[in-house]
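J.: Got a structure for you, questions after.
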Amino acid sequence: MALLTAELKEQIAKAGVCHLVTASKFGVPNAAPMGAYWVRENDTVWIANNFMNKTAANLKENPQVSFLVWNRDLGNCFQLKGTAVVEKGTDDFKKMKELLDAKKPGLPGKELVKITVKEVFTCMPGPNAGKKL
């Protein structure tokens, strides 16, 4: 059963900028805004590494990530938790470059960060805050 429903995928696409949260092997956190991302099949999110520094270093040390989806107009807030792999030179990397060039021409797209979503949680305020979806 897919974790990312059609409704969640649509909301992710509409969010504009989401935040990728990583941590070093020592647990030092980092949160960075991401605008070049795509929801793919099989509960996967692709992100273009255009300007990642601390984020890229953390991903090499610790593949566990969180991806926060929220904006004022969305009417929803949720968090994807999963595992990331970094690719360069693969077929998926080449496809990401095509998508990036179409979405935001001129960005470097140095690597593809592929997140396999394992859990989805709401972060809307109220009695269900933090509950697994």
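The values are calculated or read from the model by the stated rules, or taken from the named source; none is laboratory data. Not measured: the values here are computed from a predicted model. In this analysis, Cβ positions are derived from the backbone assuming ideal geometry, glycine residues included, and neighbour counts consider all displayed protein chains. Only protein heavy atoms, including side chains, enter the accessible area calculation; ligands, DNA and RNA are left aside. Shrake-Rupley method; radii C 1.70, N 1.55, O 1.52, S 1.80 Å.
J.: Is there any pair with a first residue in the stretch 119-133 that is touching a residue at least 40 places away in the same chain (Cβ under 8 Å) and open to solvent by 100 Å² or more (accessible area, probe 1.4 Å) and a second that is β-branched (Val, Ile, Thr) and in a strand (DSSP E or B) whose Cβ atoms are under 6 Å apart and which are 6 or more apart or on different chains, and what are they?
T.: Leu133/Val120; Leu133/Thr122
J.: Quick test of your reading of the structure: Pro33 fulfils all but one of (1) farther than 23 Å from Asn58 by Cβ; (2) at pLDDT 95 or above; (3) not hydroxyl-bearing (Ser, Thr, Tyr). Name the failing condition by number.
T.: Here Pro33 meets the rest and fails (1).
J.: For the stretch 86-93, state whether one or more residues are within 16 Å of the chain's Cα centre (by Cα), in a strand (DSSP E or B) and either hydroxyl-bearing (Ser, Thr, Tyr) or surrounded by 15 or more Cβ atoms within 10 Å (Cβ to Cβ) (or both).
T.: Within the stretch 86-93, one or more residues are within 16 Å of the chain's Cα centre (by Cα), in a strand (DSSP E or B) and either hydroxyl-bearing (Ser, Thr, Tyr) or surrounded by 15 or more Cβ atoms within 10 Å (Cβ to Cβ) (or both).
J.: Given the conditions (1) open to solvent by less than 50 Å² (accessible area, probe 1.4 Å); (2) part of a strand (DSSP E or B); (3) of a type in the set (Ser, Thr, Tyr), and given that Thr55 satisfies all but one, which numbered condition is not satisfied?
T.: Unmet for Thr55, out of (1) open to solvent by less than 50 Å² (accessible area, probe 1.4 Å); (2) part of a strand (DSSP E or B); (3) of a type in the set (Ser, Thr, Tyr): (2).
J.: Something else now. Of the numbered conditions (1) under 23 Å from Trp70 (Cβ atoms); (2) open to solvent by 50 Å² or more (accessible area, probe 1.4 Å); (3) part of a strand (DSSP E or B), Ile115 satisfies every one except a single condition; which is it?
T.: Result: Ile115 fails condition (2) only.
J.: Let me ask something else. Is it the case that some residue within the stretch 5-21 is in contact (Cβ under 8 Å) with a residue 60 or more places away in the chain and part of a strand (DSSP E or B)?
T.: Checked against the condition, which is being in contact (Cβ under 8 Å) with a residue 60 or more places away in the chain and part of a strand (DSSP E or B), the stretch 5-21 yields at least one hit.
J.: With farther than 23 Å from Ala2 by Cα and among the β-branched types (Val, Ile, Thr) as the only criterion, which of Val120, Val39, Val28, Val69 stands out?
T.: Unique residue meeting the criteria: Val28.
J.: Here's something else I'd like to know. Specify which of the listed residues (Lys25, Lys9) is basic (Lys, Arg) and within 13 Å of the chain's Cα centre (by Cα).
T.: After ruling out the rest, the residue left standing is Lys9.
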